[in-house]
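Working notes, structure below.
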Amino acid sequence: MHAIQLLPERARSATTEWSLGHENHYHSNRTWAWAIAADEGKGSQQLHVVYASPGAIAAYRKDGHFPDGSVLVKEVFATDSIPMKTGTVSHAQALKGWFVMVRDSKDTHPGNKLWGDGWGWSWFDAGNPTKITSTDFKVNCLGCHVPAQATDWIYVNGYPPLGEG
Ligand code: HEC
């Protein structure tokens, strides 16, 4: 048994507060992780680090919803997995890009294929960080988020800070 047992495609998600700076660069307390595979595991394919905009976590704790304007960013890293004293251990390598969601509970952008079902949805590639390369959230995102539909499409059970307080 290891302290952290993980699915291969999802190493670890950490929610921290972050803030947007100039030109979409953000400053935050980054959380770096070691992902320890289950005993028979090959290690993790990716590391995902999730950030919430300032105030979003506190607001969520009050009523179980992210307020309009809240931004969630999922940063995706490729990994390297090596045997260490703790087992098969994965750590972050190249940054692949960011999934970004912006809360818009009133669906104020009807007809825009990047907005709907209460959010703006987009992917930014690390090699081209100022351009949205996803084109249609119903095709690019929604199907995979169906298991989280009851919680406003967000996999909230991955983020212990949302349940505290
Ligand atoms: C292959 C399935 C899949 C696709 C496609 C997908 N997601 Fe996700 N997404 C997930 C899963 C599963 C999680 C949580 C676990 C993880 O990170 O692997 C997640 C987590 C997230 C998170 C962090 C908040 C949360 O719900 O946990 C954001 C933000 C996000 N996705 C945005 C998007 C956007 C925007 C798109 C489309 C551009 C998209 N996703 C496409 C499966 C997917």
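See the values below:
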{"quantity": "Test: Asn128 is within 13 Å of the ligand (Cβ to nearest atom) and without any contact (Cβ under 8 Å) to a residue 24 or more places away in the chain", "calculated": "no"}
{"quantity": "Members of the stretch 78-97 found to be of a type in the set (A, V, I, L, M, F, W, C) and either surrounded by fewer than 19 Cβ atoms within 10 Å (Cβ to Cβ) or at positive phi (or both), listed by number", "calculated": "Ala78, Ile82, Met84, Ala94, Leu95"}
{"quantity": "Where Phe66 falls short, out of the listed (1) over 18 Å from His145 (Cβ atoms); (2) more than 14 Å from the chain's Cα centre (by Cα); (3) among the aromatic types (Phe, Trp, Tyr)", "calculated": "(1)"}
{"quantity": "Residues within the stretch 140-165 that are touching a helix residue (DSSP H, G or I) at 6+ places or on another chain (Cβ under 7 Å), in a loop (DSSP other than H, G, I, E, B) and within 8 Å of the ligand (Cβ to nearest atom), tallied", "calculated": "3"}
{"quantity": "Every residue from the stretch 57-88 that is in a strand (DSSP E or B), among the hydrophobic types (A, V, I, L, M, F, W, C) and more than 22 Å from Trp115 (Cβ to Cβ)", "calculated": "Phe77, Ala78, Ile82, Met84"}
{"quantity": "Qualifying residue in the stretch 142-149 (condition: at pLDDT 95 or above, surrounded by 13 or more Cβ atoms within 10 Å (Cβ to Cβ) and of a type outside the set (Gly, Ala, Ser))", "calculated": "yes"}
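The values are calculated or read from the model by the stated rules, or taken from the named source; none is laboratory data. In this text the structure is predicted, and so the values were computed from the model without any measurement. Positions of Cβ are generated from backbone atoms using ideal geometry, with glycine treated the same way; all protein chains shown enter the neighbour counts.
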